[in-house]
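To start, the structure itself, in C-alpha cells.
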Amino acid sequence: MCSVCVCLAGSGVVVLGMNTWERNDKNGDNARKYVKENGYTFTQTFNNDDFARRIGITGVPTFIVMDQRGVVREVTVGFNERAIRAAVDALIK
C-alpha cells in the first residue's frame, strides 16, 4: 500500500486508511500498532465496522477511488496496485 502512497506524493490525491473488522481490537490498538510498524504515513481511521456495512464492503482490503467531486470511479477488493494506480492516474492527468 505504501508504494501507492509514495507514488501519489505531491499529486493532490488524499489517501485514507479505514480500519474495520478487527477481532479482539475494540479500541483499534492492534491496528494502530500495525500502522506504526509498517510506517504508514497516510491518515487512518479505526473501528469503521458500521460504515463498512452501510456502504456494502464485502472484503478487505477494499480500495475506493473517488474523483475531486466525490464520485466513485473505482472499487477494488483486494490489493490490485495496477488497477488502483490506473484509476488514480486517470484522475490526475
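The values are calculated or read from the model by the stated rules, or taken from the named source; none is laboratory data. Here the structure is a predicted model, which means the values were calculated and not measured. Virtual Cβ from ideal backbone geometry, glycine too; neighbours counted across all protein chains shown. When the accessible area is computed, the model is the full protein with side chains, heavy atoms only, and any ligands, DNA or RNA have been set aside. Shrake-Rupley method; radii C 1.70, N 1.55, O 1.52, S 1.80 Å.
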Loop-only chymotrypsin sites (Phe, Trp or Tyr not before Pro) in the chain, please: DSSP not H, G, I, E or B, and at most 16 other Cβ atoms within 10 Å. TRP21, TYR40, PHE42, PHE79
For region 57-69, in residue order, the Karplus 3J(HN,Hα) values (coefficients 6.51, -1.76, 1.60; θ = phi - 60°; whole Hz; Gly and Pro = x) are 5, 10, x, 10, x, 10, 10, 10, 9, 10, 7, 5, 9
Considering only the chain, percent of DSSP beta bridges that pair antiparallel, nearest 5: 60 percent
Rounded D (µm²/s) - the chain, Kirkwood Rh over Cα pairs, Stokes-Einstein at 25 °C, 0.890 mPa s: 173 µm²/s
Which of the trypsin sites (Lys or Arg not before Pro) across region 1-80 are loop residues per DSSP, with 13 or fewer other Cβ within 10 Å? ARG23, LYS26, ARG69
Per-residue HN-Hα couplings for region 37-50, Karplus 6.51 cos²θ - 1.76 cosθ + 1.60 at θ = phi - 60°, whole Hz, x for Gly and Pro? 4, 8, x, 5, 10, 7, 4, 10, 10, 10, 6, 9, 4, 4
Amide H proximity to THR45 below 5 Å, modelled H, separation 5+ or other chain, gives GLY17, MET18, ASN19
How large is the charge dipole for the chain, taken about the Cα centre, if only the Cβ atoms of Lys, Arg (+1) and Asp, Glu (-1) carry charge, to the nearest 20 debye? 80 debye
Result for the chain: accessible area per residue, probe 1.4 angstrom, in square angstrom, of 73 Å²
Within the accessible area of the chain (1.4 Å probe), percent carbon and sulfur: 51 percent
CD proxy, 222 nm, the chain: helix-only mean residue ellipticity via -39,500 (n - 2.57) per DSSP H run with n ≥ 4, per residue, nearest 500, stands at -10500 deg cm²/dmol
Please list the non-local residues whose amide H lies under 5 Å from the amide H of THR62, H modeled 1.01 Å from N, same-chain partners needing a gap of 5 or more. GLY78
